[in-house]
Amino acid sequence: MPTREPVPERVWVFDFDGTLSSLVADRGAAALLPEARELLSGLVRLPRQATAVLSSRLLDDLAARVDFRGLYLGGGSGAEWLLPGGERRTADSKTRRLRHIRSAVLPALERLREIPGVDLEDKRWSVAVHVRQAAPDERPGVLSFLESLVRTTGIRLLRGPEVFEILLLPEIDKLFGAVVLCEMLRHVPSPGSLVYAGDDENDTMAMEWVIRNGGIALSVGAETLIPGVRLVDGPSALVREVRRLAGLDEKG
């Protein structure tokens, strides 16, 4: 029988956009920062530890941007996973309901394209409504439209930096992904054993769960997302803090 991987003593989980990469106007140009790549490379070599990147991006999109071995990659907020050995796992029990919701919601969301500067990003399990290029006086109307759609369809609305994110299945968020990851790893969170880093509302549910279980949550940006997190003011500061926590030699 094949030998099972040992249960990791510590699990590191990172959001991608704004956490391991800089936020950019062109989301297609988002790239893993060199210092973040070096950090992840160091973490995957640590014994009895597991490292994951968890994003709402499509899994294939994420995998193309974080393209080296040893990582657990979660797309669709953890509905889809690529494991270090190449195995893919998907929340198959959710796909039928997802198809139904998509057929009901996507045609309505397409109406937002009529607003100058609004862009839709279909990520299968969610849809990002980007308003970075929209005029400030157009944004309240976008929010009002989305809130109405939430009330009539049961989808879920999250807010990020210059973007609204629609979770097509309300339960599929980063908390879902973090729990699925720990279940796959057979890791039972204990004080100090789980570290999570992120920068927007989708990350906060996972952060709250991590904190409740005695772990460390790192909030990337100018303001703390929720009480109890440790604030780091950007991706480079995050790298320095994680290197310190992991005992890796700090650059410079």
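Assorted remarks:
- Only Lys, Arg (+1) and Asp, Glu (-1) charged, at Cβ; region 93-167 dipole about Cα centre in debye: 620
- Region 76-125: C-alpha gyration tensor shape, a/c 1.5 cut-off, then a/b vs b/c: oblate
- Over the C-alpha trace of region 1-49, radius of gyration and Dmax come out as 14.8, 50 angstrom.
- Separation between Cα centres of region 210-248 and region 25-80, rounded to whole Å: 17
- Histogram of C-alpha separations across the chain, 10 Å bin width, %: 7, 31, 36, 19, 6, 0, 0
- C-alpha long axis of helix 139-153 to longest principal axis of the chain, angle in °: 80
- Counting DSSP beta bridges with both ends in the chain, the antiparallel % (nearest 5): 50
- Gyration tensor verdict on region 1-112 (Cα atoms; rounded if a/c is under 1.5, prolate if a/b is larger than b/c, oblate otherwise): oblate
- Gaussian network model of the chain, Cα within-10 Å springs - most flexible of S41, S126, S148: S148
- Using only side-chain charges placed at the Cβ, +1 for Lys and Arg and -1 for Asp and Glu, the dipole size of the chain relative to its Cα centre rounds to 820 debye.
- In terms of its C-alpha gyration tensor, region 131-252 has an oblate overall shape, because the principal axis ratio a/c (a ≥ b ≥ c, square roots of the eigenvalues) is not below 1.5 and a/b does not outweigh b/c.
- D_trans [Stokes-Einstein, Kirkwood Rh over alpha-carbon pairs] for region 80-188, 20 °C, 1.002 mPa s, µm² s⁻¹: 140
- Of the peptides 156-169, 92-105, the order by per-residue mean of other Cβ atoms within 10 Å, starting with the highest, comes out as 156-169, 92-105.
- Between the residues G192, P6, V220, the greatest Cα displacement towards the positive end of the dipole of the chain, with unit charges on the Cβ of Lys, Arg, Asp and Glu, is found for P6.
- For G160, residues with placed amide H under 5 Å, excluding near neighbours: E165
Read-outs throughout are calculated quantities, based only on the coordinates presented, and are distinct from any laboratory measurement. Here the structure is a predicted model, which is why all the values come from computation and not from measurement. Because the Cβ atoms are built from the backbone with ideal geometry, glycine has one as well, and the counts that use them run over all protein chains shown.
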